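What follows is a set of notes on a single structure, which appears directly below.
Only the coordinates and a few stated rules stand behind these numbers; no lab work does. Just so you know, these numbers come straight off a predicted model, no measurement behind them. Every residue, glycine among them, receives a Cβ derived from its backbone with ideal geometry; neighbour counts consider all protein chains shown.
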Amino acid sequence: MSKTSLLIVITKSPHGSSACHEALDLALATASFEQEIALAFEGDGLLCFKPDQNYAQSGRKNLFKMLKALPVFGIEALYVITDSSELNDEHVAGIPENSQQIRSDQRGELYARFDNVLHF
Amino acid sequence: MKFAILILGSPYSTQAPVTALHFCRAALAEGHEIYRVFLYGEGVHLATRLATPPQDELNIYNDWAKFVDEHKIDLVTCIAAAARRGIIDSAEAKRHEKDSDNMMAAYELSGLGQLVDTQIHADRLITFGS
């Protein structure tokens, strides 16, 4: 099978809609077909990394657990698009150590590395 | 050029299906090819055949169905995203023991692998809605 590279950019909050869940579903599906896949988080999407959220209350799948499982599926490339002043301690606690921080003005360079970029 | 279309926005909450249809018509008119149209997220609502807008309003559901039929477009709806939102074909209705189905007959329900395949084989993947 030919290879393609995909960057999925998650910009929506984890409880506000099913967008984050379906973005992660797509990431897992893409990895299962042995395609290059990376995830970037920006804006409200950074809330996915906030630990100890009550997903049962909002009736949504536990995205924090899905994020923790990404390496099992071979998804190692994680980017956090933010200017450092936006991060607070609660976010930092959940952001994986292997993620790479990208300043918002470096977004274009990041996108240019991939065949396709999808926003959720 | 071989275009693929990903529709993520629903018909009434967003302009995505309308803009996507305009894009597809323009692409074909210019001699390009539509490799596949994939409905995901809220975009799956476009696949219902039961929506009945008033006669003096745009019927984007029928416009898309007519376009797909006329140009033999491969339109695939994500099976998981669709089932969550109550969009099912006859086979899924039977499998989930539902009393009815509601999906356009010409559209196909399939998995996200079809979206991966789309990215591999199309020259450009264009997203409508987010």
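In the stretch B:30-130, taking the dipole from charged Cβ atoms about the Cα centre, the farthest positive-side position among B:N62, B:H96, B:V76 is held by B:H96. Of the three principal axes defined by the Cα atoms of chain A, the extents in descending order read 42, 31, 24 Å. About its Cα centre, the dipole of the protein assembly as shown is roughly 340 debye, where the only charges are +1 on Lys and Arg Cβ and -1 on Asp and Glu Cβ. The amide H of A:L118, built 1.01 Å from its N in the peptide plane, has A:L7, A:I8, A:V9 as neighbours under 5 Å, considering only residues 5 or more places off or on other chains.
When each of B:Y107, A:Y111 is scored by the number of other beta-carbon atoms lying within 10 Å, the sequence from fewest to most is A:Y111, B:Y107.
Working note: 222 nm ellipticity from helices only, DSSP H runs with n ≥ 4, each -39,500 (n - 2.57), summed and divided by the residues of chain A, gives -7500 deg cm²/dmol to the nearest 500. Computed from phi, the 3J(HN,Hα) profile of the stretch A:95-100 under the Karplus parametrisation 6.51, -1.76, 1.60 (θ = phi - 60°) reads 6, x, 5, 7, 6, 10 Hz, with x in place of Gly and Pro. Overall form of the protein assembly as shown: prolate. Here a/c, set by the Cα gyration tensor axes a ≥ b ≥ c, is 1.5 or more, and a/b is the larger of a/b and b/c. Normalising the average separation of contacting C-alpha pairs (under 8 angstrom, six or more residues apart) by the number of residues puts the relative contact order of chain A at 35 percent.
Once backbone amide H atoms are built at 1.01 Å from N, A:I75 has no partners under 5 Å, excluding neighbours fewer than 5 places away on the same chain. Across the stretch B:58-115, the relative contact order, built from alpha-carbon pairs under 8 Å that are at least six residues apart, equals 40 percent. Contact order for the stretch B:2-123, expressed relative to its length and based on alpha carbon pairs under 8 Å spaced 6+ residues apart, stands at 28 percent. Between the listed residues A:G43, A:T30, A:L7, the Cα displaced farthest toward the positive end of the dipole of the protein assembly as shown, a dipole computed from Cβ unit charges relative to the Cα centre, is found at A:T30. For the stretch B:1-120, list log₁₀ I(q)/I(0) at each q in 0.18, 0.21 Å⁻¹, using the Debye formula over Cα point scatterers of equal strength and ignoring solvent, two decimals each. Here log10 of I(q) over I(0) equals -0.92, -1.23.
Which loop-located GluC sites (Glu not before Pro) does the stretch B:22-51 contain, where loop means any DSSP state but H, G, I, E or B and the Cβ has at most 10 other Cβ atoms within 10 Å? Listed in order of number, the matching sites are B:E30.
Sparse packing (at most 14 other Cβ atoms within 10 Å of the Cβ) combined with a DSSP loop state is found for the following GluC sites (Glu not before Pro) in the stretch B:44-130: B:E57, B:E97.
Residues whose amide H falls under 5 Å from that of A:I102, counting only those 5 or more places apart or on a different chain, are A:V80, A:I81, A:T82, with hydrogens built in the peptide plane. Phi angles of the stretch B:37-42 translate, via the Karplus equation with coefficients 6.51, -1.76, 1.60 and θ = phi - 60°, into HN-Hα couplings of 10, 10, 9, 9, x, 5 Hz per residue; Gly and Pro are given as x.
Each label was represented as a point 7 Å from its Cα along the Cα-to-Cβ direction; for B:A51 and B:D69 these points are 1.7 nm apart. On the beta carbon distance between A:K65 and B:H32, with R0 = 45 Å, the FRET formula returns roughly 0.60. Here the spin labels are modelled as points 7 Å beyond Cα on the Cα-Cβ line, and at B:N62 and A:S13 they lie 4.0 nm apart. Among the trypsin sites (Lys or Arg not before Pro) within the stretch A:1-84, which fall in a DSSP loop and have no more than 10 other Cβ atoms within 10 Å of their own Cβ? Answer by residue number: A:K3. Here the stretch B:27-130 is treated with +1 on each Lys and Arg Cβ and -1 on each Asp and Glu Cβ, and its dipole about the Cα centre works out to around 320 debye. A prolate overall shape is assigned to the stretch A:10-79, the ratio a/c of its alpha-carbon gyration tensor axes (a ≥ b ≥ c) being 1.5 or greater and a/b exceeding b/c. About its Cα centre, the stretch B:1-88 has a charge dipole of approximately 300 debye under the convention of +1 per Lys or Arg Cβ and -1 per Asp or Glu Cβ, with nothing else charged.
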